[in-house]
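Peer 1: Right, I'll just put the structure down here and ask away after.
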Amino acid sequence: MVRPARPLNMVRTVQHRFTAARSTRLTAQLGLWLAAAFAVCFVTGLLSHAIQHPPGWFHWPARPVQLYRITQGLHVATGLACLPLLTAKVWSVYPRLFAWPAVRGLPHALERAAVGLLSAAAVFELVTGLLNIAYWYSVMPFGFLGAHYWTAWLLAGALLLHVAAKLPLLRRAPDPAAPAEPGGWTRRGVLALAGSAAGVVTVATAGQTVRPLRHLSVLAPRVPGVGPQGVPVNKTAAAAGVTRADGAYRLILTGPGGTHALSLADLTDLPQVTADLPISCVEGWSAGASWQGVRVADLLRLVGAGGLDLPVTVESLQRSGPYRTSTLEAAVARDPLTLLALRIGGAPLHLDHGYPCRLIAPNRPGVLQTKWVAALTVGPR
Amino acid sequence: MTAARVALAVAGLALLGYGLHGWLTEQPGEVTGRVVFLAAGVAAHDLVALPLVLTAGALTARFVPPAARIPVQAALAVSATVTVVALPFVIGAGRVADNPSAFPRAYGPGLLWVLAVVWLAAAVWAALRVRRPRPREDR
């Protein structure tokens, strides 16, 4: 099949082949898919942000137990699936990128500026998100969290502007279909290809949160079942600067009824409860486990705060770090599934899981499931 | 429709303004780094990745028999996507020495497995097309 290549001829062949499947309809369809996917990422991202940095009006319930896990699994899986969709979308309009004259008046200039910002913000969000789940922070000359969060707003704004500009095209009757080149790409073919690429990426990674897929997901950043006591760890004790607590360990409980200092033996003597709850990470992985420990509600009763509508601050032995403390909303602290866990699957907690005890509550981000708990304090922070 | 477009544009500008405010006021020292990354990202995508896609497509069109062309182009596209997603894990710059449960897989071999499955599927597809050539496809 090898024929001598004539460059100019080759370029013409390319133009021909690659314009055959391009159409407004293809671009609009890919655009709608991407808009829906970005909406999922935006909403689930804002939700996680609100849970971790709650404004005064925001309350996050303890039920459904799996809700946070699902939203964040969806956030990451959807973002990864967007990669081929975005490239296909840009491919579908690629010749127009170099249209001449580049700008025809002010409205056209603004429209192109919005498209430019939209493309840049979209690439930025997908790439920084991928780098974040791979912990490759050294290539990002900025803090991931703030950059990813604020660029999401830019992306959402530019997307709405783009839809406003293109709405007439969406409403317009589709172009009369150009005759398909025999054996060439069709509109449906391109859509199927973008969808397949997204599907392959999803199957290769989603096992980090969809347990049945874990053997197929050879590229999963975490694997449910792999880790100390079968549960992955985000921050080890060594990384947090925590050493194994000894006999001198006391859990300091403070409430309206006074202060109690409980040893590990005291905690073990309290009624023990089992709860099957997931550790759900904002990075999209999650793993279920069976936890045994003391209900936080029982501990609150010891310091006279059982029936009070007051939040509880959970403090770690960890000396510093943004997740050294977390706050339990009043209702969540009194939820029967909210535990100070001492054991996992029947064995004492591994140090990396928070020995001597850790917080485990339903429907809660992993970073707020405070490990190596040193103190519970009732009352406004 | 005009009303809808105006409403969309106003909402878009509002979100954009809020985002821009956050971008410029939170960690203002990082703005340069973010701008550089923003520009570099879109330039890499539109001016490097897409020309590579087009070139690969053109080379395929030139050198691959017609019946196998679409399966090969599809396999190339899927391979490129999976490779981009896998690359940060294959390179492993984010691996934490004391935390083996983060990135526990052998991502290089994992990527090769995925590519093998993709190309096997493409080969089967191409073989089917050679045996039963389709003169036209619906659009």
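Peer 1: Quick one: if the Förster radius is 56 Å, what FRET efficiency do A:TRP100 and B:VAL96 give, using the C-beta to C-beta distance and rounding to 0.05? Kindly include the intermediate steps, with their values, before the conclusion.
Peer 2: Values: r = 50 Å, r/R0 = 0.90.
Plugging the Cβ-Cβ distance into 1/(1 + (r/R0)^6) gives 0.65.
Peer 1: Rounded, prolate or oblate: which fits region A:304-359, taking a ≥ b ≥ c as square roots of the Cα gyration tensor eigenvalues, rounded meaning a/c under 1.5, else prolate when a/b beats b/c?
Peer 2: Oblate shape, in that a/c is at least 1.5 and b/c is the bigger or equal ratio.
Peer 1: So, one more: For B:ARG95, which sequence-distant residues (separation of 5 or more, or a different chain) have an amide H within less than 5 Å of its own amide H, given hydrogens modelled in the peptide plane?
Peer 2: Those lying under 5 Å, H to H, from B:ARG95: there are none.
Peer 1: Still on this model: Can you give the log10 of the normalised intensity I(q)/I(0) at q = 0.05, 0.07, 0.08, 0.11 Å⁻¹, computed with Debye over equal Cα scatterers of the protein assembly as shown?
Peer 2: -0.25, -0.47, -0.60, -1.00
Peer 1: Ok, one more. Specify the residue with the greatest mean-square fluctuation among A:THR71, A:THR236, A:THR209, computed from a Gaussian network of chain A linking alpha-carbon atoms under 10 Å apart.
Peer 2: Highest fluctuation of the listed residues: A:THR236.
Peer 1: Spin-label point model (7 Å from Cα, Cβ direction): what's the A:VAL93 to B:PHE63 distance in nm?
Peer 2: Result for the modelled spin labels: 3.3 nm.
Peer 1: Here is a further query. Running a GNM on chain A with Cα contacts under 10 Å, which residue among A:ALA164, A:ALA36, A:ALA220 ends up with the highest mean-square fluctuation?
Peer 2: Of the options given, A:ALA164 has the highest mean-square fluctuation.
Peer 1: Now a separate question. How would you classify region A:277-338 from its alpha-carbon gyration tensor, with a ≥ b ≥ c the square roots of the eigenvalues: rounded for a/c under 1.5, else prolate if a/b is greater than b/c, otherwise oblate?
Peer 2: Values: a/c = 2.04, a/b = 1.38, b/c = 1.47.
Note, shape of region A:277-338 comes out oblate.
Peer 1: Could I have the simple spin-label model distance between B:LEU24 and B:ALA116, label points 7 Å from Cα toward Cβ, reported in nm to one decimal?
Peer 2: 5.5
Peer 1: With axes computed from alpha carbons, what is the tilt in degrees of helix A:105-133 against the longest principal axis of chain A, rounded to the nearest 10 within 0 to 90?
Peer 2: Here the helix axis deviates by roughly 40 degrees.
Peer 1: Checking the a/c ratio against 1.5 first, then a/b against b/c, what shape does the Cα gyration tensor give for chain B? Numbers along the way, then the final one.
Peer 2: Numbers: a/c = 2.69, a/b = 1.40, b/c = 1.92.
Because a/c hits 1.5 or more and a/b fails to exceed b/c, chain B counts as oblate.
Peer 1: Spin-label point model (7 Å from Cα, Cβ direction): what's the B:VAL10 to B:ALA40 distance in nm?
Peer 2: So the label points at B:VAL10 and B:ALA40 sit 4.1 nm apart.
Peer 1: Please arrange A:ILE360, A:ILE344 by how many other C-beta atoms lie within 10 Å of their C-beta, fewest to most. Please list the in-between numbers first.
Peer 2: On the way: A:ILE360 27, A:ILE344 23.
Ordered from fewest to most neighbouring Cβ atoms within 10 Å, A:ILE360, A:ILE344 come out as A:ILE344, A:ILE360.
Peer 1: Separate question: Using R₀ = 51 Å, calculate the FRET efficiency as 1/(1 + (r/R₀)^6) where r is the Cβ-Cβ separation of B:THR55 and A:ALA347; round to 0.05.
Peer 2: Efficiency for this residue pair is about 0.35.
Peer 1: When the helix-only estimate is applied to chain A (DSSP H runs of n ≥ 4, each -39,500 (n - 2.57), divided by the residue count), what is the mean residue ellipticity at 222 nm, nearest 500 deg cm²/dmol?
Peer 2: Estimated from H runs of four or more residues: -14500 deg cm²/dmol.
Peer 1: Taking R0 as 41 Å, what FRET efficiency do you get between A:THR24 and B:VAL124 from their Cβ-Cβ distance, rounded to the nearest 0.05? Spell out each step's value before the answer.
Peer 2: On the way: r = 34 Å, r/R0 = 0.83.
In this case the efficiency is close to 0.75.
Peer 1: Enter the angle in degrees (range 0 to 90, nearest 10) between the Cα long axis of helix A:144-171 and the first principal axis of the Cα atoms of chain A, meaning the one along which they spread out most.
Peer 2: Rounded to the nearest ten degrees, it is 40.
Peer 1: Mind checking the full-extension length gain between A:ILE252 and A:ARG324? Use 0.36 nm per residue of separation minus the Cα-Cα distance, one decimal, nm. Could you put the intermediate results ahead of the total?
Peer 2: On the way: separation 72, 0.36 × 72 = 25.92 nm, distance 1.54 nm.
Taking 0.36 nm per residue and subtracting the Cα distance, the gain is 24.4 nm.
Readers should treat all values here as calculations from the given coordinates under stated rules, not as data from a laboratory. Not measured: the values here are computed from a predicted model. Every residue, glycine among them, receives a Cβ derived from its backbone with ideal geometry; neighbour counts consider all protein chains shown.
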